[in-house]
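Below is one structure, written out as structure tokens; comments come after it.
FYI, it's all coordinate maths here, none of it is from the lab. What you see is a predicted model; the values in this text were computed from it and never measured. Ideal geometry is used to build each Cβ from the backbone, glycine not excepted, and the neighbour counts take in all protein chains shown.
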Amino acid sequence: MDITYPDTEAIFNGLHAPSIKVEEIIVVNNLKHAWFYLLDNLDVTVNYSYICLLNKSIGGDNLIINAGFIREVPVSIGGTSWKPDMPIEAQVKEEIAKILSIEEPTERAIILMLYLMRKQLFLDGNKRTSMLAGNQVMIANGCGIIRVPIEHQPEFTKQLVEYYESGHMDQLKEFIYETSIDGIDFKENEGQNNLPMLNSY
């Protein structure tokens with residue numbers, strides 16, 4: 001799926017996008033609704049159930065089979081022959097709880113996101129779900145957002161595949177920290193009418 005920014009903006013605003021397939025329009029709208037849900041529930045603690053709700057929102061309107069439910073069949077990942085193990089709900093809950101005990105919120109968010117990407121809990125929408133879950137932790141703790149810039153996406157994909165295959169996330173975690181975290185500094189800035197400044201952390 002390759003949707004341009006203007007097409008995405010048009011779909012987001014409820015406008016007509018004649019070159020876009022119906023399924024792609026549903027993808028964008030579902031992601032929009034998932035973001036609205038996230039932003040309306042920043043006081044909710046991220047846990048296994050919350051992550052399932054995010055995937056259900058992303059996969060609604062029959063976009064993803066059994067959206068919101070842990071998968072019970074094997075899946076493949078594009079770009080690699082590596083296949084993730086079948087997820088076990090009790091084990092996943094324990095591993096997520098351990099990640100959420102990490103004190104530093106940015107590290108917690110990135111590790112949660114990468115763990116979920118590799119675990120492939122659902123039949124589809126795993127990267128979108130993982131990004132949302134990580135960003136819920138970021139935003140709720142005032143740490144900005146995780147957003148991979150277009151120019152860094154090829155390297156991100158390359159390192160993500162390497163992480164899938166090796167299970168070692170340190171290099172990818174550092175890459176995300178250095179290139180893909182944005183935030184707004186709301187500190188008062190004398191001489192600039194106290195306007196917020198957009199920073200890349």
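Details
- Residue-wise HN-Hα coupling along segment 80-90, computed from phi with Karplus coefficients 6.51, -1.76, 1.60 (Hz; x: Gly, Pro): 7, 8, 5, 10, x, 5, 5, x, 10, 3, 4
- Each of 95, 104 was scored by other Cβ atoms within 10 Å of its Cβ. Listed from fewest to most, they are 104, 95.
- Excluding same-chain neighbours fewer than eight residues apart, the lysines reachable from residue 98 by a Cα-Cα span under 24 Å are 56, 83, 119, 127, 173.
- Fewest-first ranking of 116, 42, using other Cβ atoms within 10 Å as the exposure measure: 42, 116
- Backbone N within segment 108-123 under 20 Å of label point (7 Å from residue 83 Cα along the Cβ vector): 117-123
- The loop-placed chymotrypsin sites (Phe, Trp or Tyr not before Pro) in segment 46-98, going by DSSP, that have at most 16 neighbouring Cβ atoms within 10 Å of their Cβ come out as 69, 82.
- Cβ-based exposure ranking for 168, 33, in which fewest neighbours within 10 Å come first: 168, 33
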